[in-house]
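The values are calculated or read from the model by the stated rules, or taken from the named source; none is laboratory data. A quick note: this is a predicted structure, and the numbers were derived from the prediction, not measured. No Cβ is skipped: glycine too gets one built from the backbone with ideal geometry, and neighbour counts run over all protein chains shown. Note: accessible area is taken over every heavy atom of the protein model, side chains too, but ligands, DNA and RNA are not part of it. Shrake-Rupley method; radii C 1.70, N 1.55, O 1.52, S 1.80 Å.
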Amino acid sequence: MSQARHFATHDSLTGLPNRRLLLDRLGQALAHATRYRTRVLLLMIDLDRFKLVNDTYGHNVGDELLRQVAGRLLACVRICDTVCRYGGDEFVVMLPQIDAAEDAEVVCEKIRAHLAAPYAVGDEPLLATMSIGAALCREDGQTSSELIDRADAAMYLDKTQRKSAAAAISSDFARARLP
C-alpha cells in the first residue's frame with residue numbers, strides 16, 4: 001500500500017483504519033453477508049468523560065490513552081475483524097461472519113474487561129470506562145449507514161442506562177450517610 005493511500009485510510013494517531021476504510025469494509029461485509037446468509041456485528045464504543053481526561057491531564061495523556069485503547073481493542077478481535085477509530089474518542093469494531101447474537105455479548109464483555117484495566121499513562125494509573133452499543137445486521141439486508149445508526153443508538157442507550165445506574169448508586173450512598 002502506498003504511503004499516501006495509507007494516510008488516506010488510516011488514523012494518524014492510532015494507526016487504525018479510519019471511517020473511510022471502515023465504510024468500504026463494512027459495505028463488502030454486508031454484501032457478503034447478504035449473499036451467503038451470514039451476519040455482521042458492529043460495535044460502537046465511546047470512552048466516557050474523555051474530555052475530562054484531556055482537561056485534567058492534558059492532550060498528550062489523552063492521545064496516549066487513545067493509542068492504548070486501540071491496542072487493547074485489537075487484542076480482543078480476530079484477524080478478519082476491523083477496529084476503526086471513528087472519530088474523537090469513538091471506536092467501531094466490525095466483526096463479519098458472526099454465528100449468533102449471543103456472540104455479541106461475549107465480545108462486548110471481553111472488550112469491557114480489557115478496557116477496564118488501569119492504563120499506564122502519565123505519572124499514575126488511569127481508569128477509563130466506556131459505553132458500547134451493538135448492532136447485528138438483519139437477514140433482510142441493510143445499509144452500512146443503517147447498521148452504524150443502530151449501533152450508535154444502542155451505545156447512547158448503554159451510556160444513559162449506566163449513568164442512571166451510577167446516579168442511583170450515588171443517591172443511595174448519599175442517603176445512607178445522612179443522619
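General remarks:
- Apportionment of accessible area to carbon and sulfur, the chain, percent (1.4 Å): 54
- Note on ALA113 and GLN3: the extension gain reaches 36.1 nm, defined as 0.36 nm multiplied by sequence separation minus the Cα-Cα distance.
- Computed over the chain, the per-residue total of -39500 (n - 2.57) for DSSP H runs of n ≥ 4 gives a 222 nm mean residue ellipticity of -19000 deg cm²/dmol, rounded to 500.
- Net charge of neighbours whose Cβ lies under 14 Å from the Cβ of ASP103, counting Lys and Arg as +1 and Asp and Glu as -1: -2
- Across all Cα pairs in the chain, the calculated P(r) in 5 Å bins from zero up to the longest distance comes to 1, 8, 15, 19, 18, 15, 11, 6, 3, 2, 1, 0, 0, 0 percent per bin.
- Per residue accessible area in Å² of segment 1-148, where ligands, DNA and RNA are left out and the probe is 1.4 Å: 53
- Scaled against 2.2 N^0.38 Å for its residue count N, the alpha carbon radius of gyration of segment 66-133 is 1.15.
- With a Förster radius of 35 Å applied to the beta-carbon distance between LEU13 and ALA100, the computed FRET efficiency rounds to 0.55.
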